[in-house]
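Quick notes on the structure that follows.
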Amino acid sequence: MKRNAILAGALVAAALVMSGSAMAGSVEWKGSTFEEEQGAFVLLGVGNRYKAGGLVNIYNAGFYVHKAKAETALKKMLQKKPKAFDAFMGPGGKADWEKLRLAAKFNNFIWKYGFPKKLVMKFMYSVKGKQVVDAYKGSLGKTINDFDDPAVKADLDKFFDGVNHPVDKGKTMTVSSSDDTA
């Protein structure tokens with residue numbers, strides 16, 4: 001398994017908890033602001049991670065995909081399965097992002113097709129590196145059954161090493177994939 005697939009899994013796992021609320025300009029979410037577009041990336045959703053039974057908001061997150069490359073991947077997928085996302089396409093064959101954000105099957109598309117993605121996490125509480133790793137292990141545990149499987153272990157270890165550092169309250173951590181495998 002490639003490192004990008006693991007990262008995509010981590011980002012998609014995080015995206016699954018994101019809100020389906022409509023985006024327009026900037027989005028305010030529980031004390032954080034996320035821009036609808038960050039350069040070439042478009043915001044798909046926002047969410048947060050709580051601890052202590054929902055009493056402590058650890059971080060707010062915005063999940064982004066590379067807009068043009070995601071649209072290209074979507075067009076390729078539509079060539080294979082023309083009816084799969086027809087309802088989510090707007091004028092000129094461009095994706096209707098408002099409809100896509102609300103589509104449950106779009107999560108499968110994000111997982112299957114390789115295009116750049118990023119998760120922007122704005123921390124509301126200081127955390128240790130081990131806590132960041134444990135949070136990702138919990139999310140990835142829903143999609144990866146065996147962290148010790150030789151086919152994924154080396155890539156997981158690299159990913160966990162990359163996110164294993166403390167983050168102070170008020171700071172931002174961005175986790176992203178850059179490979180385009182679509």
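The values are calculated or read from the model by the stated rules, or taken from the named source; none is laboratory data. Here the structure is a predicted model, which is why all the values come from computation and not from measurement. Counting neighbours? That spans all protein chains shown, and the Cβs are built from the backbone with ideal geometry, glycine included. Just the protein is used for accessible areas: all its heavy atoms, side chains included, with ligands, DNA and RNA removed. Shrake-Rupley method; radii C 1.70, N 1.55, O 1.52, S 1.80 Å.
Considering (1) in contact with a strand residue (DSSP E or B) (Cβ under 6 Å, 6 or more places away or on another chain); (2) in a helix (DSSP H, G or I), the lone condition that residue 175 does not fulfil carries the number (2).
Pick out, from the range 27-128, the helices (runs of 4 or more DSSP H) lying fully within it that include 2 or more residues that are over 19 Å from the mean Cα position of the chain (by Cα). Explain how you work it out, then say what you get.
Numbers: elements: 67-80, 97-101, 106-112.
Output list reads 67-80.
Before we move on, is residue 152 of a type in the set (A, V, I, L, M) and over 30 Å from residue 30 (Cβ atoms)? Yes: the conditions hold for residue 152. Reported count of residues in the range 95-112, each being open to solvent by 40 Å² or more (accessible area, probe 1.4 Å) and modelled with pLDDT of 75 or more, is 3.
May I ask you to verify whether residue 68 is modelled with pLDDT of 75 or more, open to solvent by 50 Å² or more (accessible area, probe 1.4 Å) and small (Gly, Ala, Ser)?
Values: modelled with pLDDT of 75 or more: yes; open to solvent by 50 Å² or more (accessible area, probe 1.4 Å): yes; small (Gly, Ala, Ser): yes.
Yes, satisfied.
Within the range 135-172, the residues that satisfy the criterion of being among the aromatic types (Phe, Trp, Tyr) and surrounded by 14 or more Cβ atoms within 10 Å (Cβ to Cβ) are 136, 159, 160. Scanning the range 132-152 for residues being more than 23 Å from residue 115 (Cα to Cα) and at pLDDT 80 or above gives a total of 8.
What number of residues within the range 173-182 are open to solvent by 70 Å² or more (accessible area, probe 1.4 Å) and of a type in the set (A, V, I, L, M, F, W, C)? Quick ask: steps written out before the conclusion?
Quick first cut of the range 173-182, residues open to solvent by 70 Å² or more (accessible area, probe 1.4 Å) only: 174, 178-181.
Still in the running and of a type in the set (A, V, I, L, M, F, W, C): none.
The number of residues fulfilling the criteria is 0.
When the range 71-94 is filtered for residues that are surrounded by 12 or more Cβ atoms within 10 Å (Cβ to Cβ), at pLDDT 75 or above and of a type in the set (Gly, Ala, Ser), the ones remaining, listed by number, are 73, 90. Whether a residue is part of a helix (DSSP H, G or I), within 20 Å of residue 50 (Cα to Cα) and not basic (Lys, Arg) was assessed, and residue 132 passes this test.
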